[in-house]
């Protein structure tokens, strides 16, 4: 005969624990303390076992019977209900421990050991810090696409469309790491590609008209700020590397004898090493700089400590001091200046220019067959470029050459 709510409520504790049978092996144990707990006896592989379903009234009669029925189904399927319950408890604990924040931290350690660029790591951490308050404490296997979208929408609401796009990509990479380490089954962030606003592409502001480039170079020569910043400003248009590559340059990478600067792959955006031919003008500036910082590691050490390199905003801030707004010219814009004017010259193979810009060809097969990487041409091109900049700075009128001919100038 099945138990009723009244029977259970009226059951009083005794000196020893006693059982109140329900049905199909389910029973209630009334302990001397007054606690009442649900249990079920069963046999598995010829062994007597007992399942615990919780305390009454937290677990009511109907719930206890449902748990009993689920256990009986597992027995019919050849499974041990107690073992299955233990596995479920362990799985749940693992899920609780494997929060999005915990897995993101693991993944950050991994990419840091893979020697990702410090600036990349800082950007990734910044994006994850924004996401952490909303989803950081959630088990990654329990997260929903709606929760992730809510995080991205919050960023979009502030007009930061590009940040939202990058955040989706970073969250997606955390999910892929979780999948690879058997803690998630699916990359939910990948499904949200089409849900975000596509930001309008903004190119780095750059001056590309020869006459205006000349005026800029004259302004740079007149820069009255810190001497290290002045040298960095003068070197930037000649080398046209990315700003981070210049400020992180080390004296050990400079070979003055062979006139080449060898930038290791770990410092490059595309993780591919780059050799920069050094013109006579650049070598002269480096000699001047060596007298200032040649005793240390970096060409451009931080103003606060020689153990770090110059701040990433130093050159751009100097351009602002010269009167050039963010919409007119940026430190990164010197790359566009060089790319535009070198291509307009018609003297250099486009692949030689692209390789010197450290752009990675999208065609893998073509990359393989670009043997030698136009080194001799790049050496001539970088010297010609420095000569050309000097002519622009000195106010010469540069005539655009016909293809394959050298540039000429008139006073």
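Any read-out appearing in this document is the output of simple, stated calculations on the displayed coordinates, not a laboratory observation. Here the structure is a predicted model, which is why all the values come from computation and not from measurement. In this analysis, Cβ positions are derived from the backbone assuming ideal geometry, glycine residues included, and neighbour counts consider all displayed protein chains.
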With the crude spin-label approximation of a point 7 Å out along Cα→Cβ, what separation in nm comes out for residue 14 versus residue 66?
3.2
Provide the FRET efficiency to the nearest 0.05 for the residue 287-residue 146 pair, computing r from the beta carbons and using R0 = 56 Å.
0.40
Please give, to one decimal in nm, the separation of the simple spin-label points placed at residue 4 and residue 109, each 7 Å out from Cα toward the Cβ.
6.0
Taking 7 Å along the Cα-to-C-beta vector as the label spot, tell me the residue 50-residue 83 distance in nanometres, rounded to one decimal.
2.1
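Helix-derived [θ] at 222 nm for the chain: sum -39500 (n - 2.57) over DSSP H runs of at least 4, divide by residue count, nearest 500?
Details: 16 runs with 200 residues, N = 411.
It lands at -15500 deg cm²/dmol.
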1/(1 + (r/R0)^6) with r = Cβ-Cβ of residue 379 and residue 129, R0 = 56 Å, i.e. FRET efficiency to nearest 0.05, evaluates to 0.80
Distance from the stretch 327-350 to the stretch 158-172 (C-alpha centre basis), Å:
29
Working out 0.36 nm times the residue gap between residue 305 and residue 317, then minus their Cα-Cα distance, what length gain in nm do you get to one decimal?
2.4 nm
Wrap a convex hull around the Cα atoms of the chain, take a quarter of its surface area, and give that in square nanometres.
32.5
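For residue 191 and residue 117, compute 0.36 nm times the residue count separating them, minus their Cα-Cα distance, and round to one decimal in nm.
Extra length available between residue 191 and residue 117 comes to 23.8 nm.
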Cα centroid separation - the stretch 103-123 against the stretch 202-276, whole Å
26
Shape call for the stretch 5-93, from the Cα gyration tensor axes a ≥ b ≥ c (a/c under 1.5 means rounded, otherwise prolate when a/b beats b/c, else oblate), comes out prolate
For the stretch 198-333, with equal point scatterers placed on the C-alpha atoms only and solvent neglected, what are the log10 I(q)/I(0) values from the Debye formula at q = 0.15, 0.18, 0.20 1/Å, to two decimals?
-0.76, -1.09, -1.32
Apply the a/c threshold of 1.5 to the C-alpha gyration tensor of the stretch 100-195 and tell me whether it is rounded, prolate or oblate.
oblate
If you fit an axis through the alpha-carbon atoms of helix 118-135 and take the longest principal axis of the Cα set of the chain, what angle between them do you get, 0 to 90°, nearest 10?
30
The stretch 258-349 shape via C-alpha gyration tensor axes, a/c threshold 1.5
oblate
